[in-house]
1. Quick one: in the stretch 14-32, which of the residues that are in contact (Cβ under 8 Å) with a residue 24 or more places away in the chain and of a type in the set (A, V, I, L, M) is farthest from the ligand (Cβ to nearest atom)?
2. Being modelled with pLDDT of 95 or more and either more than 30 Å from residue 1 (Cα to Cα) or aromatic (Phe, Trp, Tyr) (or both), is that true of even one residue in the stretch 48-67?
3. Applying the selection to the stretch 96-128, what residues are exposed (fewer than 13 other Cβ atoms within 10 Å of the Cβ) and at negative phi?
4. Of the residues 64, 42, only one is touching a strand residue (DSSP E or B) at 6+ places or on another chain (Cβ under 8 Å), within 11 Å of the ligand (Cβ to nearest atom) and in contact (Cβ under 8 Å) with a residue 24 or more places away in the chain; which?
5. Filter the stretch 73-88 down to the residues that are part of a helix (DSSP H, G or I) and touching a helix residue (DSSP H, G or I) at 6+ places or on another chain (Cβ under 6 Å), then identify the one that is surrounded by the fewest Cβ atoms within 10 Å (Cβ to Cβ).
6. All but one of (1) at positive phi; (2) not in a loop (DSSP other than H, G, I, E, B) hold for residue 16; which doesn't?
7. Residue by residue through the stretch 45-61, note down the ones that are within 14 Å of the ligand (Cβ to nearest atom) and charged (D, E, K, R).
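The values are calculated or read from the model by the stated rules, or taken from the named source; none is laboratory data. This is a predicted model, so every value here is computed, not measured. Every residue, glycine among them, receives a Cβ derived from its backbone with ideal geometry; neighbour counts consider all protein chains shown.
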Amino acid sequence: MPSYDQNNIFAKILRGELPCYKVYEDDKALAFLDIMPRAPGHMLVLPKAPARNILDVGAADLAHVMMVAQKVSKAAVKAFGADGITIQQFNEGAGGQVVFHLHIHVIPRKAGVPMKPPAAEKEKPDVLAEQAKKLAAAIAAG
Ligand code: DGP
């Protein structure tokens, strides 16, 4: 497996070199909106530790990221009235991974509404900003 690339786009977001629509942060994880959402409120949860994917992440970092994925999922149900949540996570190009810093997709779903294809279109900045605000408030409220 290739080694971790410090210049991948999510590493730059984690270092604050690129912006994101943040919904949650703690000492070990960051969650922000996917700018090409498959459904409204589509979030990505990342460990802060450098890890390419599930094949090299430390067990404690993986466990923490999943705990955060659960936290933001519950908030999405409250904030978006989601009927369900789809969790996706891709590993290496053959597994569908495009950005090589481990991330869990948390996708709020409405009954009967299909997801858009992956990375189909960029959402408008004002829509993302509003959704991030709503989700961050729901997450902070627990
Ligand atoms: P994958 O590695 O297959 O899980 O796909 C990467 C996802 O990351 C895809 O849903 C689109 C999203 N994405 C790509 N570039 C950016 C970016 O600069 N910012 C954010 N927030 N999401 C991005």
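1. Restricting attention to the stretch 14-32, the residues satisfying the condition of being in contact (Cβ under 8 Å) with a residue 24 or more places away in the chain are 14, 21-24, 26, 28-29, 31-32.
Those still in the list that are of a type in the set (A, V, I, L, M) too: 14, 23, 29, 31.
Values: 14: 11, 23: 11, 29: 15, 31: 10 Å.
Residue satisfying both the conditions and the ranking: 29.
2. Checked the stretch 48-67: no residue is modelled with pLDDT of 95 or more and either more than 30 Å from residue 1 (Cα to Cα) or aromatic (Phe, Trp, Tyr) (or both).
3. 98, 111, 113, 114, 117, 120, 121, 122, 124, 125, 126
4. Going through 64, 42 in turn, just one is touching a strand residue (DSSP E or B) at 6+ places or on another chain (Cβ under 8 Å), within 11 Å of the ligand (Cβ to nearest atom) and in contact (Cβ under 8 Å) with a residue 24 or more places away in the chain: 42.
5. Taking the stretch 73-88 as the starting set, the residues that turn out to be part of a helix (DSSP H, G or I) are 73-80.
So of that shortlist, the ones also touching a helix residue (DSSP H, G or I) at 6+ places or on another chain (Cβ under 6 Å) come out as 75, 78-79.
Working: 75: 27, 78: 15, 79: 21.
My answer is 78.
6. The number of the failed condition is (2).
7. Matches in the stretch 45-61: 52 only.
Matching residues to (1) surrounded by 18 or more Cβ atoms within 10 Å (Cβ to Cβ); (2) farther than 19 Å from residue 132 by Cα; (3) within 14 Å of the chain's Cα centre (by Cα); (4) aliphatic (A, V, I, L, M):
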| site | (1), (2), (3), (4) |
| --- | --- |
| 3 | no, yes, no, no |
| 10 | yes, no, yes, no |
| 29 | yes, no, yes, yes |
| 32 | yes, no, yes, no |
| 36 | no, no, yes, yes |
| 39 | yes, no, yes, yes |
| 46 | yes, no, yes, yes |
| 58 | no, yes, no, no |
